[in-house]
Every structure is written in structure tokens, then in C-alpha cells.
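So the structure is just underneath, and the comments pick up after that.
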Amino acid sequence: MGYHRWDLDNGLNVVAEHHPQMKSVSVGFFVKTGSRDEPPALGGVSHFLEHMLFKGSAALSGEEIDATFDRLGAEYNAFTGSEYTGYYARVLPEHLEALFELLAELMQPALRQQDFEVEKNVILEEIALYEDQPGAVLQRKAIATFYAEHPLGQDILGSTASVRALTPEQMRSYYERRYVPRNLTLAFVGNFDPERVHGLVQRHCGTWRGGQGGRAYPAFTPRENHDRCVRDHLSREHGVVLCPAPAYQSEQREAMDLVVDVLGHPGNSRLHWALVDKGLVDYVAASYHAQDGLGVAGVSYSCDPDVAAAVAQTIQEKIQTLVEKGVIQGELDSARNRVLTALAVEGEQSLRRLFSFAFDFLYDLPYRDLDTILANFQRVSVGAVSDLLETFSFSPQTQVNLVPQRSQPEELS
């Protein structure tokens, strides 16, 4: 294995992890832009723009882009989050040059008016689809409530109103500000020739226009929040509890990963045995999302409305016990082994390794090989967990519930 990093003159950050034993190579452009970087009036533009990149460049139509990916046998996709947008693919090593030429072309979209209007309808349908999914509705509302006025509370999809109001000119302006080389990380993982990759990048990306990009970091003060939303046509009550957690750049990130595993791993955890095993919920899980300068952890669940109050109380009791008494060595070891196994599998696959490899650079962290990451988890002790829980004590909390209409008390006439 060999690690390589270099910057082009225009500021494009290129990182590569060479694994000659792998049978594939994965490549991705990761843009440090997402819903948190959008002006409120342009809500959803990052996600909309992700779709538009697949509609073609000046040289290729959308159909030609899709056909070329298919001809190469590529596994490819894209995603938009609150903090970054990614475009990636995996192929056999002999197709790397053709794949990279295609990805580089993809990153220079034409943003044609006709394509824009067609894709706007696709986005509006996607927003409507999510409105019919209680879990998605709840998660989006919970994040918006937790972050309040902070940009991280802005919806990735935007709203029907904001997407309808977007114009091609606004999108082009956003693209020109955010999709600049200094705001991009280009990553390679797998079986490739490093010298060949260096030449490919220079040839296809060296003339890209420079720019600054950047990101605002407004202050955030978490507060207690409680909200119950009544919706028709629900048979289950859905709930989310969110609280502050370490940022992506924090040295306590690994400890937090293990804590949420102990608390709410879907198959073996304190919440699983207290709720799922007893038939009180159909789903409960704890999660942790490390972000740029901030972080959020929480618990989500769904259950029969008749037992919702008891379920919520049990969740709070388990959280309080965790904060007050910490973890025991045995359960910490079990959680660690689950995480280490998942990381080891990730390290054997070029595409899965691509994401964690690239994200470190998006968050301005130094390079960490898989052995370093595994060692960081090995070092997490019971004492380190106690230190974490003193700082991040699962409070203050944002609690949001999506409640069936029938579970509300009848109003007095």
C-alpha cells in the first residue's frame, strides 16, 4: 500500500491510496458543499445541482454519460449531504483512464435550461415522496428543530417553494462559487499506477478555474426542545431524541461511536434488550453523526401509540444510567469488536474505503491508514468513555414525536 497526496496549481486536493492486491479501483470527487452552505432562498440547490451534473456537459449528453458508465461496467452514484456532495465510481483497473475522463467531464456540467425544468419536476416528486415516509419526515423535522437557526438545520432537499423558485442562473452562480478546485477533494483507492493517475489528473483537471470556496461557521448553542406533530394515516408513533456530540475533528469521536453502539446497536445493545426483545417497539437504534465543528447523537424508535409513553421513559432511563454509570469492560469490548470487524471489511473494498479516506481530508484532518483507525478504537477505555460522558451527557435534548391522529385526547365540546 502507498499513500500519495498533491495539490494542483489551481488548488485541487488529490489523495490516493494504492492497494495493488485489490481487484478494483474507486474514484470520487467530493465537494465541500451541502445544505449548510446554501443561502436560505436557495434551499435544496446542492441536491438539485447533484442531479443536474448527470444531465450532461457541453461535450456529452446525459444519455451518453449513462451509456459510458454502463459500457465500462462501473458501479457509480452520487449523494448530497448537509456538508458535502460526492460523485464516485468503481471499475476494473484497466478501465480507470476512461472512467476518470468521464468523471472529470461530469464535473463540468452544461446546466441547460431544458434539462433544468425537467429535473425540477423530478426533485419536486422526490420531496413529495419523502412526505409520505414518516421516518424521513420525523428525521428532517428533528434536525431542523435541534439546529434551529443554524445552517445545519436546513433541509437537504429544500422545500417545494424553494425548489419551485430556483432558476438556472441561480444554480450556475452557486456552482461557480462552490465547485471550485480548492473546495474539492479528488480521491483514488485501489489498484492503480500512481504515476499514471498523476498524469490523468493534470491532463483533465489542471485547467479548471480557481476560486476560494470556504464555509461559514456560525455559533451554535443547543437548547431543550419538545415537539409533537399529529399526522393522519399513521398506525405507529415515531420518536427521535437528539443531543450534542463530538465534532468530526474531535479526538473523542471513536469513544462516541462505541457509546452509541453500546446504547442502541440494532441487534445487541441496552435498548435492544430493554425494548425490542420485550416486544415493546418494532425498531429502536442509537446513532451518531460527526460534522464539521459540531456533532449530533440520538435515539430513534417506532412503536404502538399505547406504549409510547413507557417506551420514551425507558429510553430516558437507559440514557441516564449510561451517563451516570458509564459502560462495563465486556460491553465496550463487544462494541469495539463489532466496529473493528466492520472497518476491516471496509478496508478490503476499494469503494467503501474511498469514503472514509476522502472524508478525513474534507474535514481538514491528516491522513490515517486503516491500522491507525483501528488503533484509535483499540485505545478507547472505560475511563475514556467516562470522560466523554462528562462533556457530552446526552443533554440538552431535542425530542420530536410523530403521532397518529387517534392517539390524541378528544377535545371537549
Meets criteria (farther than 30 Å from VAL25 by Cα, over 27 Å from the mean Cα position of the chain (by Cα) and among the hydrophobic types (A, V, I, L, M, F, W, C)) for VAL323: no
The listed residue being of a type in the set (Ser, Thr, Tyr), modelled with pLDDT of 95 or more and assigned to a loop (DSSP other than H, G, I, E, B), out of TYR288, TYR248, TYR301: TYR248
Near pairs, Cβ below 8 angstrom, 6+ apart or cross-chain, from the range 111-124 (closer than 14 Å to GLY62 by Cα) to any residue that is among the hydrophobic types (A, V, I, L, M, F, W, C): LEU111/MET52; LEU111/MET171; ASP115/MET52; PHE116/MET52; PHE116/MET171; GLU119/PHE48; GLU119/MET52
All positions within the range 114-161 that are among the small types (Gly, Ala, Ser), assigned to a loop (DSSP other than H, G, I, E, B) and within 17 Å of the chain's Cα centre (by Cα): GLY158
Candidates ALA89, ALA59, filtered to the one that is touching a helix residue (DSSP H, G or I) at 6+ places or on another chain (Cβ under 8 Å), among the hydrophobic types (A, V, I, L, M, F, W, C) and more than 20 Å from PRO168 (Cα to Cα): ALA89
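Residues checked against (1) over 30 Å from THR341 (Cα atoms); (2) over 21 Å from the mean Cα position of the chain (by Cα):
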{"residue": "ARG223", "(1), (2)": "yes, yes"}
{"residue": "VAL230", "(1), (2)": "yes, yes"}
{"residue": "SER235", "(1), (2)": "yes, yes"}
{"residue": "CYS243", "(1), (2)": "no, no"}
{"residue": "PRO266", "(1), (2)": "no, no"}
{"residue": "ARG270", "(1), (2)": "no, yes"}
{"residue": "VAL276", "(1), (2)": "no, yes"}
{"residue": "ALA285", "(1), (2)": "no, no"}
{"residue": "GLN313", "(1), (2)": "yes, yes"}
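Which one of these is farther than 30 Å from THR167 by Cα, in contact with a Gly (Cβ under 7 Å, 6 or more places away or on another chain), in contact (Cβ under 8 Å) with a residue 60 or more places away in the chain and of a type in the set (Gly, Ala, Ser): SER82, SER26?
None of the other options fit; the residue is SER26.
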Residue in the range 207-225 that is surrounded by fewer than 16 Cβ atoms within 10 Å (Cβ to Cβ), free of Cβ contacts under 8 Å to residues at least 40 places away in the same chain and charged (D, E, K, R) present: no
Contacts under 9 angstrom Cβ, first residue in the range 165-184 being closer than 12 Å to GLN113 by Cβ, partner part of a loop (DSSP other than H, G, I, E, B) and among the aliphatic types (A, V, I, L, M), 6 or more apart: PRO168/LEU111; MET171/LEU111; ARG172/LEU111
The lone exception for GLY73 - which of (1) surrounded by fewer than 18 Cβ atoms within 10 Å (Cβ to Cβ); (2) in contact (Cβ under 8 Å) with a residue 60 or more places away in the chain; (3) not charged (D, E, K, R) it fails: (2)
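Do any strands (runs of 3 or more DSSP E) entirely within the range 21-113 hold 2 or more residues that are in contact with a strand residue (DSSP E or B) (Cβ under 9 Å, 6 or more places away or on another chain) and more than 21 Å from GLU126 (Cα to Cα), and if so, which?
In the range 21-113, 25-31, 85-91 are the strands (runs of 3 or more DSSP E) which contain 2 or more residues that are in contact with a strand residue (DSSP E or B) (Cβ under 9 Å, 6 or more places away or on another chain) and more than 21 Å from GLU126 (Cα to Cα).
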Qualifying residues in the range 357-392 (those that are more than 30 Å from ILE319 (Cβ to Cβ) and hydrophobic (A, V, I, L, M, F, W, C)) - the one surrounded by the most Cβ atoms within 10 Å (Cβ to Cβ): PHE357
Boolean, VAL284 is touching a Cys at 6+ places or on another chain (Cβ under 9 Å) and aliphatic (A, V, I, L, M): yes
Which numbered condition LEU242 misses (of (1) in contact with a strand residue (DSSP E or B) (Cβ under 9 Å, 6 or more places away or on another chain); (2) buried (at least 19 other Cβ atoms within 10 Å of the Cβ); (3) of a type outside the set (Phe, Trp, Tyr); (4) over 21 Å from ARG140 (Cβ atoms)): (4)
Candidates ARG209, ARG196, filtered to the one that is among the basic types (Lys, Arg), assigned to a helix (DSSP H, G or I) and out of contact with any Gly (no Cβ under 9 Å at 6 or more places or on another chain): ARG196
Selected residue [outside the structural domain of GLY239 (by TED's automatic domain parsing), closer than 30 Å to TYR288 by Cβ, β-branched (Val, Ile, Thr) and modelled with pLDDT of 95 or more] from THR160, THR167, THR185: THR185
Exclusive hit being under 18 Å from GLN399 (Cα atoms) and not assigned by TED's automatic domain parsing to the domain that holds GLU75, set SER356, SER300, SER334, SER350: SER300
Checklist (1) in contact with a helix residue (DSSP H, G or I) (Cβ under 6 Å, 6 or more places away or on another chain); (2) in a strand (DSSP E or B); (3) closer than 22 Å to LEU111 by Cβ applied to LEU186, failing item: (1)
Among (1) farther than 24 Å from ARG379 by Cβ; (2) not small (Gly, Ala, Ser); (3) not in a loop (DSSP other than H, G, I, E, B), the one test that VAL281 misses: (3)
Top-ranked residue of the range 324-342 - restricted to ones that are hydrophobic (A, V, I, L, M, F, W, C) and surrounded by 17 or more Cβ atoms within 10 Å (Cβ to Cβ), ranked as nearest to TYR248 (Cα to Cα): VAL339
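The values are calculated or read from the model by the stated rules, or taken from the named source; none is laboratory data. On a predicted model such as this, the values are computed, not experimentally measured, just so you know. In this analysis, Cβ positions are derived from the backbone assuming ideal geometry, glycine residues included, and neighbour counts consider all displayed protein chains.
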